[in-house]
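Notes for the one structure printed next.
The values are calculated or read from the model by the stated rules, or taken from the named source; none is laboratory data. Worth saying up front: this structure is predicted, and the values here are computed from it rather than measured. Ideal geometry is used to build each Cβ from the backbone, glycine not excepted, and the neighbour counts take in all protein chains shown. What goes into the accessible areas is simple: the full protein's heavy atoms, side chains included, and nothing from ligands, DNA or RNA. Shrake-Rupley method; radii C 1.70, N 1.55, O 1.52, S 1.80 Å.
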Amino acid sequence: MSASHPDPYREADSQPDPEQLVAALEVRGRNANHARLTRRFLAFTRVGAGDAVLEVGCGTGVVLRALAARVGRRGRVVGVDPSRTLRAAAARILRGHPLRRSIALRAGDGARLPFAADRFDATLAVTVLLHVADPLAVAKEMVRVTRPGGVVAVQDQDFGTVAVTHPDRALTTRILDGVAARMYEEPWSGRRLPGLLRMAGLEPVRLQTDVFQDTTLEPYTKRFLERRAENAVRFGIVDPPAAQRWLDDLTAVVAAGAFVLTVNYYGAVGVKPRPAPARGRG
Ligand SMILES: C[S@@+](CC[C@H](N)C(=O)[O-])C[C@H]1O[C@@H](n2cnc3c(N)ncnc32)[C@H](O)[C@@H]1O
């Protein structure tokens, strides 16, 4: 097994404890702010009753479950993910779900989707392109499996836009920007999504900018900041006492009721062009 990639979602199954990622995705799914953000994005995609929808990089199925509610019993939702652990968790959670019969899970990589061309009304990837080596290859595959006139919809955070209240601005920037630069191919993935969809051949492309917000250091945000501090030590950006001081100062900010964390999310939706009508002879 290769040394694991700094981004745990790149190789979920080779993490020392992949079940931690299962818990992290479900905690995020239960965060009210995040759930609202997902709902607003799904409304923006205009996926509706009766649609056949593919979600690439479905993880534990947080978005699949929301999609199943949107497409209803006449619709169909398929989730594809390369991680055996995350797919197994998705299947486990779905067992008790009222719409489980509308949802199917498949193994697969976004750059080589195991589906024929033009199969889906809509193909989505939610907080996935940030984690892949070649986002354009994935976007082109998403276009291939979507029917002409159907939509490809992608949403990502943009780690160039994390704003957090902290007394030490220089240390905060060093930790947040330093870790993101080492973890992701493109930490500014979010803002690049409209350009990426156009490069993949979609037109028109619409953009929805949304903001995740937390003022109380909820479990999802707390875990995010603790992981950033751990990784800052792991990547040699700061030493352990500096990382601990950074976290302690954050705790004091929260206790003073002064904590704010925001991150921009960008959602882009593009339409797959219909082939030009064949010109008659003569
Ligand atoms: C942050 S999770 C998002 C999961 C889900 N979309 C959600 O919003 O809850 C990123 C997901 O992308 C998957 N992933 C990573 N590399 C991938 C690839 N090359 N193709 C498809 N999915 C991939 C991971 O296994 C993981 O499930």
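Computed about its Cα centre, the charge dipole of segment 37-114 is approximately 300 debye, with only Lys, Arg, Asp and Glu carrying charge at their Cβ.
Using a Gaussian network model of the chain in which every pair of alpha carbons under 10 angstrom is joined by a spring, one finds that among D248, D214, D158 the greatest mean-square fluctuation is at D248.
Charging the Cβ of each Asp and Glu at -1 and of each Lys and Arg at +1, and nothing else, the dipole of segment 47-171 about its Cα centre rounds to 800 debye. The accessible surface of the chain, taken with every protein chain in place and a 1.4 Å probe, is 53 percent carbon and sulfur. Ordering T165, A180, L193 by Cα displacement along the dipole of segment 115-233 toward the positive end leaves L193 in first place; charges were set at the Cβ atoms of Lys, Arg (+1) and Asp, Glu (-1).
For trypsin sites (Lys or Arg not before Pro), the sites in segment 87-186 that DSSP calls loop and that have at most 12 other Cβ atoms within 10 Å are R95.
State, as an integer percentage, the relative contact order of the chain based on alpha-carbon contacts under 8 Å between residues 6 or more apart.
On the way: 529 pairs, mean separation 54.7, N = 282.
It comes to 19 percent, rounded to a whole number.
Residues of the chain: accessible area per residue at 1.4 Å, in Å²?
On the way: 13280 Å² over 282 residues.
Each residue of the chain exposes 47 Å² on average to a 1.4 Å probe.
For C58, nonlocal amide neighbours, meaning residues 5 or more places apart or on other chains whose placed amide H falls under 5 Å from its own, are V80, D81.
Look at the dipole of segment 163-282 built from charges on Cβ: of A258, L202, P219, the Cα furthest out on the positive end belongs to L202.
With N residues in segment 177-261, what two-decimal value do you get for its Cα radius of gyration over 2.2 N^0.38 Å? Before the final figure, lay out the partial values.
Values: Rg = 17.0 Å, N = 85, 2.2 N^0.38 = 11.9 Å.
Compared with the compact-globule rule of thumb, segment 177-261 sits at 1.43.
Three principal axis extents of the chain based on alpha-carbon atoms, in descending order, are 77, 45, 41 Å. Largest GNM mean-square fluctuation among V128, V56, V238, using the chain with Cα springs under 10 Å: V238. For segment 122-134, putting each phi into the Karplus relation 6.51 cos²θ - 1.76 cosθ + 1.60 with θ = phi - 60° gives couplings of 8, 10, 10, 9, 10, 6, 10, 4, 4, 9, 9, 6, 9 Hz, in residue order, rounded to whole numbers and with x for Gly and Pro. Rounded to the nearest Å, what's the spacing between the alpha carbon centres of segment 185-203 and segment 99-166? Just the number, please. Here the two parts' Cα centres lie 12 Å apart.
Taking the Cα atoms of segment 63-164, the ratio Rg/Rh between the radius of gyration and the Kirkwood radius comes to 0.98.
Give, rounded to the nearest 20 debye, the magnitude of the charge dipole that the chain has about its Cα centre when Lys and Arg contribute +1 at Cβ and Asp and Glu contribute -1 at Cβ.
1660 debye
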